[in-house]
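Trainee: Have a look at this one before I ask anything.
All of the numbers you see were taken from the coordinates with simple rules; none came from a lab. In this text, all values refer to a predicted model and were calculated from it rather than measured experimentally. In this analysis, Cβ positions are derived from the backbone assuming ideal geometry, glycine residues included, and neighbour counts consider all displayed protein chains.
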Amino acid sequence: MRKPIIAANWKLHKTQEEATAFLNDFREKVKYISEVEIGLGPTFTSLETVAEGTKGTGIKVCAQNVYFEDEGAFTGEVSPGMLAEVGTDYVIVGHSERRQIFGETDRAINKKIHAVFDHGMKPILCIGETEEQRADGKTESVLRNQLKIDLRGLTEDQAGEMIVAYEPIWAIGTGESASPEDAQAGCKFSRDQVREIVGEQAGDSVRLQYGGSIKPHNAEELMSQPDIDGGLIGSASLDPGSFAEIISITEELYK
Ligand code: 13P
C-alpha cells in the first residue's frame, strides 16, 4: 500500500522565528503519527531552521523551488546541491504560481526534476488546469501535456518514487476545493498517464497528492479517495493546529 504524504507549502510565509514557533507547537501535536508521512515546505531561508527543528522526528523537509544547474552565473538561483546540503528531502517543482507568475516552462520543470533526483532528493511535481481550461473541457489534455514533458527521460524507479500533486488552479487559495469526485478523477487520470508515459509499475507506485483548499472540514472526504495518497496544503498548513488536524484525520483513515 502507498503511504500517504501530507505536505505543507508555506509559500512566502514565515520567518525563521515564526517557523521555530510553529515547530515548537507542531512537533507535540504529531508525535504519535505513524501512518502518514509529513512534510514541511518553508522558504529557502528557513530550510535549515526546519531541518534542525525536525531532526529525529521523521518529518520531511521540502523546498519550494530549485534551479537545475549546479553552479554558475545564475543570479538569484539556488542549486539542488545547496538544498541537499541543508537537509532537504523533497523539492516542490512546477507549482502553478511558479508557472504563472514566474513563467516556468515544462521543459525547465523536466530539467529540475532530473536535477533533484541527481542530488538524492525527490520531486513533488505540481500539475493542474486553469478555470478556463476546465470550462472548455480541456482538463485531461492539459494534465497529459504537462506530464508528457515533465516526466521525459525518467526511469520507472524514479517516476515510482516521486510525488505528483494534482492542484487545479481554480481551487488554490479560493476556499473552494475540488469535489472529492473531481479530485479523485484528476489523480486517477494522472496516475494512468504515468502508467502510459513511464510504465505500469511507476503508475502503481507513484503517490498522487491533491492540492487546493484542503481544510480540516473537507480532509476526510478528499483523503479517503482511492487514488489520492495525500495532500499539498497551503493556507491551512500555516497554523500548527489545523495542519495537525488534517494529518490526524488522514492517520485515522489509514490505521
Ligand atoms: P491552498 O491550500 O491555500 O489552497 O494552497 C494550495 C497549494 O497551492 C499548495 O501547493
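Trainee: Rounded to the nearest 500, what is the 222 nm mean residue ellipticity of the chain from helices alone, with -39500 (n - 2.57) per DSSP H run of 4+ residues and division by all residues?
Mentor: About -13500 deg cm²/dmol.
Trainee: Once fully extended, how much extra length lies between GLU35 and LEU253, figured as 0.36 nm per residue of separation less the alpha-carbon to alpha-carbon distance?
Mentor: That works out to 77.6 nm of additional length.
Trainee: Same structure again: Rounded to the nearest 20 Debye, what is the dipole magnitude of the stretch 157-204 about its Cα centre when Lys and Arg each give +1 and Asp and Glu each give -1 at the C-beta?
Mentor: 60 debye
Trainee: Under the rule a/c < 1.5 gives rounded, and otherwise a/b versus b/c splits prolate from oblate, where does the stretch 116-255 land using the Cα gyration tensor?
Mentor: Oblate is the answer for the stretch 116-255, as a/c is 1.5 or above yet b/c matches or exceeds a/b.
Trainee: Report ³J(HN,Hα) in whole Hz for each residue of the stretch 95-102, in order, from the Karplus equation J = 6.51 cos²θ - 1.76 cosθ + 1.60 where θ = phi - 60°; Gly and Pro get x.
Mentor: Karplus-based 3J(HN,Hα) across the stretch 95-102 equals 4, 4, 5, 5, 5, 7, 8, 10 Hz.
Trainee: Based on the Cα atoms of the stretch 75-199, what semi-axes does the equivalent ellipsoid have, where each is the square root of 5 times one gyration tensor eigenvalue, given in whole Å with the largest first?
Mentor: 25, 17, 13
Trainee: Measure of size requested: the Rg and Dmax of the chain, with Cα atoms as the atom set and Å as the unit; please supply both.
Mentor: 16.8, 50
Trainee: Something else about it: Sorted by average packing, counted as other Cβ atoms within 10 angstrom per residue and highest first, what order do 15-24, 56-65 take?
Mentor: Ranked from most to least packed, the peptides come out as 56-65, 15-24.
Trainee: Continuing with the same structure: Can you tell me the length gained on complete extension of the stretch ARG2 to GLU71, counting 0.36 nm per residue apart and subtracting the Cα distance?
Mentor: 21.3 nm
Trainee: Measure up LYS112/LYS188; LYS29/LYS188; LYS31/LYS215; LYS14/LYS60 against 26 Å on the Cα-Cα distance and list the ones that go over.
Mentor: LYS29/LYS188
Trainee: Which net charge results when you count Lys and Arg as +1 and Asp and Glu as -1 among the other residues whose beta-carbon is under 12 Å from that of GLU200?
Mentor: Combined, the nearby Lys, Arg, Asp and Glu give -2.
Trainee: GLU156 label point, 7 Å along Cα→Cβ, cut-off 15 Å on backbone N: hits in the stretch 180-221?
Mentor: Zone members listed by number: 194-206.
Trainee: Okay, next question. Can you order the peptides 205-212, 73-80, 166-173, 43-50 by their average number of other Cβ atoms within 10 Å per residue, highest first?
Mentor: Ranked from most to least packed, the peptides come out as 205-212, 166-173, 43-50, 73-80.
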